[in-house]
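Notes follow once the structure below has been shown.
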Amino acid sequence: MRFRKAKEFVIERLIYLSGFMSIVFVVLIFAFLLKEGLSMFWRVPISDFLFARNWYPISDPPQFGILPLILGSIFVTAGAGVISIPIGIGSALFIAEIAPRRTKEVLKAGIELLAAIPSVVIGFIGMVTLVPLIKNLFDLSTGLTALTGSITLAFMAMPTIVSIAEDAITAVPRQYREAAVAMGATKWQTTWRIVAYAARPGMVAAIMLGIGRVIGETMAVMMVTGNAALIPHSMLQPVRTLTATIAAEMGETVQGGEHYAALFAIGIVLFIVTFLINGVADVYLHKTKK
Amino acid sequence: MDKHVIETRQLSLFYGAFQALTNIDLNIGERRITALIGPSGCGKSTLVRVFNRMNDLIEGVSVTGSVVVQGENIYKPDTDLITLRRKVGMVFQRPNPFPLSVYKNITFGLEIHRKGSNVEFPNIVEQSLRNVLLWDDLKDRLEDSAMRLTLEQQQRLCIARVLAMKPQIILMDEPCSALDPIATLKIEELMQQLKKEYTIVIVTHNMQQAARASDFTAFLYLGQVIEYGETKRIFAAPTEKQTEDYITGRFG
C-alpha cells in the first residue's frame, strides 16, 4: 500500500516535471539569447540597432543597423501572406465544406505531404524553377528577389494555414449549417456567412501560425532571395531576412565578439516577434474552443 | 376536412437500401397543428424533413411518390429549394441560433432572400420577436450574442427567425425536447397563437404534448402511417390496435 502510494507520487512528479520542462527550455533559450546578445545594446543603442540603415558588420568601423534586414523579412513575409492566406483559407473551406469525401482525403494527404517536405528542398526547387522564371518574366538582372522568396515561403505557410483552418471549420457545429440551409441559404451563403464566420477565430490563429512559420524560415529563403542587405524598394529586388543573416554570418564570427553579439541580438528580435505572433494565435485558438 | 397544404401520395423514402418510409398518404390541413408521433426510429423525423427536403443533405437518400406542398410537387426536378425552404420553415430539436447577435439571427433570412430593405429590418425584427413573446425581454439586448440566451429564449428566437421570413408552414422537429416542462408549456402556448396564421407540423415523442397541443395526429410505426385523424379521437378511441398499445404506453 505504502509502496503503491510512493509510486503514484513519483510518477505524478515525473509527469509534472516533464510538463514543466518545456517552459524551462524556453526560458533557458531566451536567457542564453539575452546573455550573448544583450551586450550589443551597451555598444549600440536599441533604436540605432533597429532603425539604422546600414548593416556592414565587418567593415571598419562596423555598422550594425538591422533596418534593411527587418524590411527584408517584412517584404518576404507580407508577400508570402498575400499569396498564401487567400489560397490557404480558400482550400481549407473547399476541403472542409465542399469536397466529396474521397477528394477530401486525397487533398488532406497532399497538404500533409507538403508540410513534410524539408525546407531546403523547397528552396532548391525555387532556385532552379522560380528564380529563372521571375528573372525572365520581369526582365530583371537577377531572379533572386523578395517576390521569389515570398512565393517559395507561401508554399511553406500553406500547409499550416490549411490544416489549422480546416480543423476550425470542421469544428463548427452541424446545427448551424442545418439551420442556415433550412432557412433557404445557398451552399455559399451557409459557408461564408455562417460557417466561416463561426470559424473566424480559428482561421486567424491559422494565419498567425502560418506567418510565424514564414518569419522563422531560413534555409529556403536564403537560397532564393539574393541576400543583399540593402533597404528594398520593391518586391523585385534582392533582400536579406533576419534569419538568413544569422545563418549566413554566424560561421564567420569570433565567439564573444561584437559581430557575434549583433547576431544574437537579431535572434532576440526574432524571438520576441515570433513569441508575439504565437501569443496572438494562441488567444484566438482559445476563443474557438469556447 | 379543411384545405390541405401538404399532400403526400404513395411517398416512400430510402436511405440507400434501407426503406425508412413506406407508401405514406397524408393530408395536412391549413392552419392546424398536426402531430407526428411514434416510437424512436419510426420515421417521424424523416417524414417531417421530407416537407422541406432537408433529407437532401444526407447522402444516398431517394424518394418515390409525390409530395404536394400548396399545389406543387416539391420533388419535381426543377423545384426551387430556396423558395421552398422560405415557405416551409423549420425549428429543430436543439435550439440552434447562429453564433451572431439576436438581431442578426433574425435578419439573416431576410438578407439571404433579399426580402424587404434594410430600413424595414428593425420593424420586422421587433414584430418577429413580439410574435414569440421575446421582445420585452430582449429589446435592450438585440446586439448580444444569441448564444447567451437561455435555452427557451434560444428556441423562441429560432421560431422568430423563421417567422421573419413569412413562411406558410412551420415544421417542428421535437422542439421542446431540450427544454424544461415550464418552457415546454410556454412553447405550446405559443404554437396555439401561431396556428392562427401558420400551418404547423410537429414531431414529438411526448404523447401528452401531442394530445395537448395538436389538432390532428398521425401515428407512425416502422415507416408507415398506422392511423391518422383528429387528435381527440385518436387518443380517445383509436381504431388500430398498435395505436392503442402505443398511446397507452405498452411499447415505444
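Before moving on, here are some points about what is shown:
- Hits in region A:120-140 (condition: in a helix (DSSP H, G or I) and of a type in the set (A, V, I, L, M, F, W, C)): A:VAL120, A:VAL121, A:ILE122, A:PHE124, A:ILE125, A:MET127, A:VAL128, A:LEU130, A:VAL131, A:LEU133, A:ILE134, A:LEU137
- Enumerated helices (runs of 4 or more DSSP H) restricted to region A:173-228, each holding at least 3 residues that are within 14 Å of chain B (Cβ to nearest Cβ): A:174-182, A:200-216
- Output for region A:130-172, where each listed residue is among the β-branched types (Val, Ile, Thr) and either away from chain B (no Cβ under 14 Å) or in contact with a Gly (Cβ under 6 Å, 6 or more places away or on another chain) (or both): A:VAL131, A:ILE134, A:THR142, A:THR145, A:THR148, A:ILE151, A:THR152, A:THR160, A:ILE161, A:VAL162, A:ILE164, A:THR170
- Options A:LEU34, A:LEU93, A:LEU130, A:LEU71: the member that is more than 23 Å from A:GLU217 (Cβ to Cβ) and surrounded by 17 or more Cβ atoms within 10 Å (Cβ to Cβ): A:LEU93
- Cβ-Cβ contacts under 6 Å between residues 6 or more apart (or on different chains), taken from a first residue in region A:53-71 that is without any contact (Cβ under 8 Å) to a residue 40 or more places away in the chain and within 23 Å of A:THR145 (Cβ to Cβ) to a second residue that is hydrophobic (A, V, I, L, M, F, W, C) and buried (at least 17 other Cβ atoms within 10 Å of the Cβ), are listed as A:GLY65/A:TRP55.
- Applying the condition of being of a type in the set (Lys, Arg) and assigned to a loop (DSSP other than H, G, I, E, B) to region B:171-218 and asking which residue is surrounded by the most Cβ atoms within 10 Å (Cβ to Cβ) yields B:LYS195.
- Restricting region B:125-154 to residues that are charged (D, E, K, R) and assigned to a helix (DSSP H, G or I), the residue that is nearest to B:THR184 (Cα to Cα): B:GLU152
Residue-wise test of (1) in contact with a Lys or Arg (Cβ under 7 Å, 6 or more places away or on another chain); (2) at pLDDT below 95.
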site	(1), (2)
B:MET165	yes, yes
B:LEU185	no, yes
B:VAL201	no, no
B:PHE216	yes, no
B:PRO238	no, yes
B:GLU244	no, yes
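- Considering residues of region B:64-118 that are in a strand (DSSP E or B) and at the interface with chain A (Cβ under 10 Å from one of its Cβ atoms) only, the residue farthest from A:GLN175 (Cα to Cα): B:VAL88
- From A:ILE58, A:ILE98, A:ILE83, residue being surrounded by fewer than 20 Cβ atoms within 10 Å (Cβ to Cβ) and under 16 Å from the mean Cα position of the chain (by Cα): A:ILE83
The values are calculated or read from the model by the stated rules, or taken from the named source; none is laboratory data. The structure displayed is predicted, hence computed values, not measured ones. FYI the Cβ positions are ideal-geometry reconstructions off the backbone, even for glycines, and counts take in every protein chain you see.
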